[in-house]
1. Scan around residue 145 for amide H atoms under 5 Å from its own, H built in the peptide plane at 1.01 Å from N, and keep only partners 5 or more places away or cross-chain.
2. Mean-square fluctuation check for the chain, GNM, Cα pairs under 10 Å: which of 252, 150, 232 is largest?
3. Regarding segment 1-52, what whole-number volume in Å³ per residue does the convex hull of its Cα atoms give?
4. Could you name the aspartates and glutamates whose alpha carbon sits less than 15 Å from that of residue 199, not counting residues in the same chain fewer than 8 places away?
5. How about segment 214-263: which chymotrypsin sites (Phe, Trp or Tyr not before Pro) there are in a DSSP loop, with at most 13 other Cβ atoms within 10 Å of their Cβ?
6. Mean projection of the alpha-carbon convex hull of segment 60-193 over all orientations, in nm²?
7. With the contact rule set at Cα under 8 Å and sequence spacing of 6 or more, what percent relative contact order holds for the chain?
8. Running a GNM on the chain with Cα contacts under 10 Å, which residue among 217, 11, 172 ends up with the highest mean-square fluctuation?
Amino acid sequence: MKQSLSFLRPSLIRSQLATEIIGRRVIYFRTVDSTNTCALELATRGAPEGTVVIAEEQTRGKGRLERRWHSPPGKGIYLSIVLRPKVKVEFLTHFSILSALAVAETVEGLSPCPPDIKWPNDILLHHKKVAGVLVELGTENDLVSYLIVGIGINLLQREEEFPRELRGKATSILIEGGEVVYREEVVVKLLQNFDRWYKVLLTSGATPILERWKDYSHNWIGKEVKVVTPEGEFYGISEGIGDDGRFLVRKGDGELKDVWAADIVSLRAERR
Ligand code: BT5
């Protein structure tokens, strides 16, 4: 296995990036509380679209709903992208989907295991989470004024390096038998995939992205799932995602529910 050097080389990332929008500025930290928090601050101070904040380590990496993202130094990729799309807040889910797709394409081929996307933004290998996406935003009169996409990918952790509560639930490219390339190569591939899909979204809309997403999410169609929302949970059979990016679940009584903010649990995985 090709080991990365101990520190990322931002100059290498900048010199290898062939993107139009994403990565116009790359800001690098050895340690930061959260790249998303840092990018949010920069965005409120006018950072241009495409600004990328990347860190070697996060001391307070954020997940959704006040959860935490374990971000040990040198083991993964922790980065955030500033976007300024001129869209209404209701289109936010498209950005989660775009981000998860760009991550899945990046992870694909790094290990022998094909990635699987669990709506809205978990990327799994062998049913375990290898990457996650956190989208945060600032609004002005119902319009997005800036949007921060935070991406965490586990590359080099060994099983015993994960905190006890994540063992069995989290994985890394190394654990999955991956040939880890230099971390900079993964960052460049990720930003290029993101740039390509972002331009597709701006010029052609979400349909091509939703179509491509299906290549990575067929494990989640026609399956028994539990849907956990802030208001409570229910069970049903997953029917994929709708045009607006919402998750569709057919309940036992036949009602089709579309879910906007939720965690999906596969009942088969839960029984394993
Ligand atoms: C996410 O939240 O999956 C979003 C993760 C986003 C992290 C990136 S890193 C760069 C940027 N800056 C930030 O501060 N955040 C973003 P969620 O779906 O809520 O999942 C969080 C849950 O995943 C936790 O409660 C744990 O159970 C689990 N988890 C935490 N760290 C993990 C890790 N390194 N690998 C796999 N699972 C993890």
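The values are calculated or read from the model by the stated rules, or taken from the named source; none is laboratory data. Only a predicted model underlies this, so the values are computations on that prediction, with no experimental measurement involved. Using ideal geometry, Cβ is built from the backbone for each residue, glycine included, and neighbour counts are taken over all protein chains shown. Protein only, heavy atoms only, side chains kept; ligands, DNA and RNA dropped before computing areas. Shrake-Rupley method; radii C 1.70, N 1.55, O 1.52, S 1.80 Å.
1. 138, 139, 140
2. The residue that fluctuates most here is 232.
3. With only Cα atoms used, segment 1-52 gives 102 Å³ per residue.
4. Straight-line reach from residue 199, under 15 Å: 20, 49.
5. Answer by residue number: 260.
6. Across all orientations, segment 60-193 yields a mean hull projection of 8.0 nm².
7. 18 percent.
8. Most flexible of the set in this elastic network: 11.
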